[in-house]
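Scroll down for the structure; my scribbles are underneath it.
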Amino acid sequence: MTIVVGILLLLTFFGLAYYCIKGHNLMIGFLVITIAWTLLSFLGAAFATPEFLADTAFYSNGEPLKIIQILNNIYQSAPEGWGTTLVNVCWGAWFGRVLMETGIASTLIRKTVELGGDRPMVTVALLNIVTAVIFTAMTGAGPVIAIGVIVLPIMMSLGVPKAIAMFSFMESVAAGIYLNPVNFAQYRAFFIGVDEMPDFTLGWYAAKWGYAAVIISVVVTTVLTAVFLSRSKTSHAWAAQTRGASEQKDAPLYTLILPIVPVVLKIALDFSVIGGFVIAGFLALFLCGKMKGSFKENCQLVNKLYYDGVVDTAPLVGFLLTLPMFNTVANYASPFFKAVLGPVMPKTELVVCILFAVLLGLGLFRGPMTLVGCGAATLGVLRGVASFSVPFLYCVFAIPTITVNIGSCITQSWVAWGLAYTKVESKDYLKLSIPCAYIAGILLYVLTFFTVTGLGTEWFI
């Protein structure tokens, strides 16, 4: 019976993959599969022997859990445990709105263009670097669109074909996400609880892997942009306006360092992520002259920016409230997955890196490699059949989640916006983004194997 339940779980897994590929609502999809896996796990447990269920989530301190305890763990404790992640997301979105309101982000872009002068490829390379730096702090569709309406017209006014300009910008956004503290907290929660492994911090991750991941991503994107440009015809047929860019005055030069302040504080001092957002955000508002009104007006401004930021992340919040339920139920389903897939799933870091590098394309369309699709199910299966360190698994799944899905996939919200804004065909974008995803992804898996493999929790002690 355990094999039958395992097969049924596997079929529902493929059903979730198809659902995600079709672009349906992720919150509802994960809620439905959580309920399905709960029922199937209870069915399997009813026929399984105590020996089969030993050392699984069905037992705690050697004693079997009651049904009500399991249900409470899945549907109450799990989403409650993600409170820290949700708070980080909301404050990060507020900070992004502050950078847009003060003009700091747009000023950074304009100064970069001035630095590049009349050398288009130099300007593109500098824009890629600055875009990546900006999105180590900003996150969400709103900030990406706000920066995109400045960067994309600039690139295309330099003669960069619109598909290549969009590719270069979107992949640079994804590169910055590798060091974004909000995204780090969000993805970290897939693997461990808030209070588990406190030494697996953004500082450790950045020093060991994150910095190199950003550099590799930016370099690959820039080199491929140059290659694509060498094979294309220069185009100046772009007439879109940069929304408000020319009307907004430059922010003071000394404020241009503020976007990286929260990241620097977190990495260097392990300072509070939210504290960093608050300090840098209010400094930006004061130094850029946005807090010159009355106390009431200033409060209204801060409130509006927070409201707009939360609206930017609203779809993500709903997804994040159902995802921990799914992560928890996966622990109860894992012994049945292991019964079916145990003999064929990879059990060494080298095989995992090779397999994931070959199957990187499955990170597209919310596929089984990306954590913001149905990759959480793949993670549950992989953890159920072998014992890998959390840092290793984090890096393994971050690559298809960030490089493939966030930067390369047309189902990503801001990529879909970019296609409509630039009038680029989906197939033309994928022809550029998929080679980048594979080249950067393979290099990142090589980096992962040589820097993170073999690290258990004892490494942090």
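The values are calculated or read from the model by the stated rules, or taken from the named source; none is laboratory data. Small disclaimer: the values here were computed from a predicted structure and weren't measured. Note: ideal-geometry Cβ built from the backbone for every residue, glycine included; neighbour counts use all protein chains shown. Side chains are part of the model used for accessible areas, which takes the heavy atoms of the whole protein and leaves out ligands, DNA and RNA. Shrake-Rupley method; radii C 1.70, N 1.55, O 1.52, S 1.80 Å.
For the reader, a short list of remarks on this structure follows.
- Residues that are aromatic (F, W, Y) and either at pLDDT 75 or above or within 16 Å of F30 (Cα to Cα) (or both) within the range 328-373 comprise Y332, F336, F356, F365, listed in sequence order.
- Subset of the range 57-101 (residues that are touching a Leu at 6+ places or on another chain (Cβ under 7 Å) and under 16 Å from V144 (Cα atoms)): V89, W94, R97, V98, E101
- Residue check, A213 of a type outside the set (S, T, Y), part of a helix (DSSP H, G or I) and open to solvent by less than 10 Å² (accessible area, probe 1.4 Å): yes
- Pair list, Cβ < 6 Å and 6+ apart or interchain, from the range 290-305 residues that are of a type outside the set (S, T, Y) to residues that are surrounded by 10 or more Cβ atoms within 10 Å (Cβ to Cβ) and not in a helix (DSSP H, G or I): N298/M291
- Meets criteria (among the small types (G, A, S), assigned to a loop (DSSP other than H, G, I, E, B), open to solvent by less than 50 Å² (accessible area, probe 1.4 Å) and more than 30 Å from I129 (Cα to Cα)) for A36: no
- The set of residues in the range 118-167 that are assigned to a helix (DSSP H, G or I), of a type in the set (G, A, S) and either under 19 Å from the mean Cα position of the chain (by Cα) or modelled with pLDDT of 80 or more (or both) comprises A125, A132, A141, G142, A146, G148, A163, A165.
- Criterion applied to P346, P259, P324, P335 was being open to solvent by less than 30 Å² (accessible area, probe 1.4 Å), out of contact with any strand residue (DSSP E or B) (no Cβ under 6 Å at 6 or more places or on another chain) and not in a helix (DSSP H, G or I), and the one residue passing it is P346.
- Residues satisfying the stated conditions in the range 141-168, i.e. open to solvent by less than 10 Å² (accessible area, probe 1.4 Å), in contact (Cβ under 8 Å) with a residue 60 or more places away in the chain, of a type in the set (G, A, S) and over 22 Å from K249 (Cβ atoms): G159, A165
- Answer from A125, A189, A175, A137 - the residue that is surrounded by fewer than 24 Cβ atoms within 10 Å (Cβ to Cβ) and closer than 24 Å to S272 by Cα: A189
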